[in-house]
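For reference, the structure is listed below as structure tokens.
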Amino acid sequence: MKVSVSILSSSIKPQDIVKKLDKTNANYIHIDIMDGKFVENKTWTISEIKKITSYSQLPLDVHLMVDNPKKYIEDYALLNTNDIIFHYEAVKDVNEMINYIKGYGLKVGIAINPDTDVSVVYPYLKDIDIVLVMSVFPGSSGQPFIDNTPDRIKMLKDEIIKQDVKTIISVDGGINDETGLLCKEAGVDMLVSASYIHKDITNNINVLKNI
């Protein structure tokens, strides 16, 4: 199982999380960028992210929870970024955004909120690398996992198999050893976790990796 570690925390400084990650089996650092518009909360500026991520060599898994993702792409493309994920709900022209991110040589993902039908991403599966299924409503860490998430993942996995594409499924929100297992059984490929991992960074990354 791939694990992407979110640095969103109300109790630990993000740089203190990042400093520990190179000594773990984590695959990515998950960067949640919020603009105070698409979601109520607001997170870091690009200059703050540059400083925070300078403590690690791990690639970044960038999740844009913003109204206008296009204006953020170039800044994050210049970092050690593996992929940029934008929200389906935030853009008018999905294909334009996909092609814009690909133009920077990055992998591209689409995130969908818990109340968005998973079928909205079906037309784009052949053109994207990741679908990020939100298992909480985006905006803050520590929310409980929404129970119907595994059903949504399974529907998406069935469609990926039907289309015979290589798109992976990531899930974000309320992920721990129990909910992570439910998501794996439904067909998820990557777990994004914050609060659970922060309780015991090295151990809990290993737990999720070995689910």
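The values are calculated or read from the model by the stated rules, or taken from the named source; none is laboratory data. Because the structure is predicted, anything quoted here is derived from the model rather than measured. With ideal geometry, Cβ positions are generated from the backbone for all residues, glycine too; neighbour counts draw on all protein chains shown.
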The one condition in (1) part of a helix (DSSP H, G or I); (2) under 14 Å from the mean Cα position of the chain (by Cα) that N82 fails to fulfil: (1)
Selection within the stretch 44-89 - surrounded by fewer than 19 Cβ atoms within 10 Å (Cβ to Cβ) and among the hydrophobic types (A, V, I, L, M, F, W, C): W44, I46, A77, L78, L79
Some residue of the stretch 19-38 being more than 18 Å from I205 (Cα to Cα), of a type in the set (F, W, Y) and in a loop (DSSP other than H, G, I, E, B): yes
Yes/no for S11 being over 17 Å from the mean Cα position of the chain (by Cα), without any contact (Cβ under 8 Å) to a residue 60 or more places away in the chain and part of a loop (DSSP other than H, G, I, E, B): no
Set N25, N41: member being in contact with a strand residue (DSSP E or B) (Cβ under 6 Å, 6 or more places away or on another chain) and surrounded by fewer than 22 Cβ atoms within 10 Å (Cβ to Cβ): N41
Subset of the stretch 109-130 [under 16 Å from the mean Cα position of the chain (by Cα) and of a type in the set (G, A, S)]: G109, A111
Every residue from the stretch 110-151 that is touching a Ser or Thr at 6+ places or on another chain (Cβ under 7 Å), part of a helix (DSSP H, G or I) and surrounded by 21 or more Cβ atoms within 10 Å (Cβ to Cβ): T149
Residue among D75, D151 that is more than 18 Å from T45 (Cα to Cα), over 15 Å from the mean Cα position of the chain (by Cα) and at pLDDT 95 or above: D151
Considering residues of the stretch 182-195 that are modelled with pLDDT of 95 or more and part of a loop (DSSP other than H, G, I, E, B) only, the residue nearest to Q15 (Cα to Cα): D189
Subset of the stretch 165-181 (residues that are outside any strand (DSSP E or B) and either out of contact with any helix residue (DSSP H, G or I) (no Cβ under 9 Å at 6 or more places or on another chain) or surrounded by 19 or more Cβ atoms within 10 Å (Cβ to Cβ) (or both)): T167, G173, G174, I175, E178, T179, G180, L181
Test for D177: is it within 27 Å of E40 (Cβ to Cβ), charged (D, E, K, R) and at pLDDT 95 or above: no
Which listed residue, of K71, K126, K107, is without any contact (Cβ under 8 Å) to a residue 60 or more places away in the chain and in contact with an Asp or Glu (Cβ under 6 Å, 6 or more places away or on another chain): K107
Checklist (1) crowded, with 16+ Cβ neighbours inside 10 Å; (2) touching a Phe, Trp or Tyr at 6+ places or on another chain (Cβ under 9 Å); (3) not basic (K, R) applied to V188, failing item: (2)
